[in-house]
1. Out of everything in the stretch B:13-59 that is more than 25 Å from the chain's Cα centre (by Cα) and on the phi > 0 side of the Ramachandran plot, what residue ends up being modelled with the lowest pLDDT?
2. Considering only the stretch A:153-164, I want to know if a residue exists there that is closer than 26 Å to B:Leu19 by Cα, charged (D, E, K, R) and more than 13 Å from chain B (Cβ to nearest Cβ).
3. Please work out which one of (1) among the β-branched types (Val, Ile, Thr); (2) over 21 Å from B:Pro216 (Cβ atoms); (3) buried (at least 21 other Cβ atoms within 10 Å of the Cβ); (4) free of Cβ contacts under 8 Å to residues at least 60 places away in the same chain is the condition B:Val329 fails and give its number.
4. Taking only the stretch B:319-328 into account, find how many residues are outside any loop (DSSP other than H, G, I, E, B) and away from every other protein chain (no Cβ under 14 Å).
5. Please verify whether A:Thr125 is under 26 Å from A:Gln12 (Cα atoms) and more than 11 Å from every other protein chain (Cβ to nearest Cβ), treating the condition exactly as stated.
6. Scan the stretch A:71-82 and report the pairs whose first residue is modelled with pLDDT under 90 and whose second residue is surrounded by fewer than 16 Cβ atoms within 10 Å (Cβ to Cβ) and outside any helix (DSSP H, G or I), with Cβ atoms within less than 9 Å and a gap of 6+ or a chain change.
7. Could you please find all residues in the stretch B:381-406 being more than 7 Å from chain A (Cβ to nearest Cβ) and basic (Lys, Arg)?
8. Any idea how many residues of the stretch B:172-189 are more than 9 Å from every other protein chain (Cβ to nearest Cβ) and either at pLDDT 95 or above or closer than 9 Å to A:Leu15 by Cβ (or both)?
Amino acid sequence: MNPFYFYTKLDQTILLGVTASTIPGLLEGIQRVPEASIYYHTHRYLQQHHYLSPEPPNDFAYWVGQILNDAELGEQLSSIDIIRLDSIQSIRLEFVELLRAYISSSEKLRESPPGQEFHFMSCQTFAIQTPHTAETIPEFLEQLRNVSVSSLYYHVFDAKLRLGHGENDFSRWFRDGGKIELADAVARLDPYTYTLEGLRTKIISLAEKHGKD
Amino acid sequence: MVRIEEYADIVGQPTIDELFLLARELEGRTIQNVNSTAVGGGVAEILTRLLPLLKQLGVDAHWDVIRGDDRFFAITKKIHNGLHGVPTQLSPQEYELFLDVNRMNAESISFGDIVFIHDPQPVALVERRTVHGKNWLWRCHIDFSRPDPTIWKFLEQYINHYDGAVFSAPAFARALAIKQVLISPSIDPLSDKNRELPESVVKNIFRKFGIDRSRPVVTQISRFDYLKDPLGVIKAYQLAKKNVDVQLVLAGGGATDDPEGPIVMHQVQEEADKDKDIHVLFLPAGSDIEINALQRGSTVVLQKSLREGFGLTVAEALWKARPVIAGAVGGIPLQITHRYSGLLTRSVQGTAHAIKQLINEPEYAQKLGINGREHIKNNYLITRHIKDYLLLFISLFENGRDIVYL
């Protein structure tokens, strides 16, 4: 197999100075902030609270549910199934459509208490090649056990959505190496429903099971 | 001296490896930190810990402290309060003195390839940019979600001359012409203030201060400052004490640039003299083991701030898996998810209720503490802080692309 180079990623959080205190304000912000901001608010929780997952809420859902106290809309926003969307723009459109529909059907819109507005943020990602490489499945397993969760995160989430690879890097590498069954099994995982350590364990178990095929 | 490798036992070797990879990107560049106090307060504390670790990673980092007299620090205290939202007025002479002290200090500071200025006191050093060029960053450690407009307008003209501004919480972001970055401060798990302590040490320190550990102890560790609301803490304690047996410990010191410390301390002492279960401890600089023990040995830790930059004492207590009740201000909500990793309150009555709840339900209190420790471990330890600073410095030399390959 061609070498697999493990990268890791480190994020710098950017403050955009854009805030929202109502649902229409949130909609306006979601429409105008850069794609990196949409990615940040829908994925930040996975990394910062990776011990709390599975199924962490996105920041929009958390704010609507916990700060505006709109449990129903909060639940709808947290139920957007990001795994089936293959671009950040399509994630943005899902939120926009849902919020538009809500606004048009609501008579009274709530406002956040002072000091608890939604603050749009973004991130700049720095990707670094680590010394970890693999040319065989056993080597891959050994390295995957040792890389940081940030490396795992990069090859699973960033690879698919921000780098436009279409699927996670691990599945791509397995597929290129002729390990089709393993590639499909890893691609089928919904990574949003695991903690990052849980995801690592799952991929390792799949590679152990299918790697010899 | 603590070695960077020692943190691997806590955060994992891959995290330490990443720091070395990042540090390599800064080879050949010098970084000059400047702030206004060498001891006391969170900024001096974090720089004291960070600098040696940056050097071990191979980063050529330095730290200078500006000098000023009492008049200068009285002015900077007013500016500090103004940024916290207290209506503040400075006379033209005071503005002039503030700038004169900055200009005088600028003569003796050697500016590096990256100049990293902390807080408002040395903000006007950026006037030297015309001479030195270089990369200038301004780090604001304090809460200015609602700054006094006049003070803000004065500072803004200097801040906009920097290449970037760094804030501790999202609510502090302003409409600035420059890039704004979020970097939360951190605690050092291997420092005297946070490292594991034998039970015998905790026991002896409580005995030394005359605090009875067989009864519940509620503690606030803070500078004696109006914005930390020590008088509000006493009121909450008095309300809670109507229903539960509890002692209160108020322990803290004053930073060298804080002229209000002794006044607040006096008011608190007056209240405490009326109740033998209130222990007021004025701790001199260097009382880290005492603070560590007080936090570890307390039933509940409070941080009832009215304004807060970040509130490092919250992270300290959570790291010790203590249940924490804190004001929902500044960076505190970043550290505590309400009812999951602590309790957030907004009033004396709410704080009193929370004290009673945690004393009466120790299992719930323990769960909050355990969750809190995990959150601090993943997000607010010094290794994460070093990573953020290294990225900040590296980003000065990169373009603005979303993903940068190093």
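The values are calculated or read from the model by the stated rules, or taken from the named source; none is laboratory data. Please read these numbers as outputs of a predicted model, since none were measured by experiment. Every residue, glycine among them, receives a Cβ derived from its backbone with ideal geometry; neighbour counts consider all protein chains shown.
1. By that ranking, first place goes to B:Gly28.
2. Yes.
3. It fails just one condition, (4).
4. Number satisfying all stated conditions: 4.
5. No, not satisfied.
6. Taking only residues 6 or more apart or on different chains, the pairs are A:Ser78/A:Glu55; A:Asp81/A:Asp190.
7. Those that are more than 7 Å from chain A (Cβ to nearest Cβ) and basic (Lys, Arg): B:Arg384, B:Arg401.
8. 1
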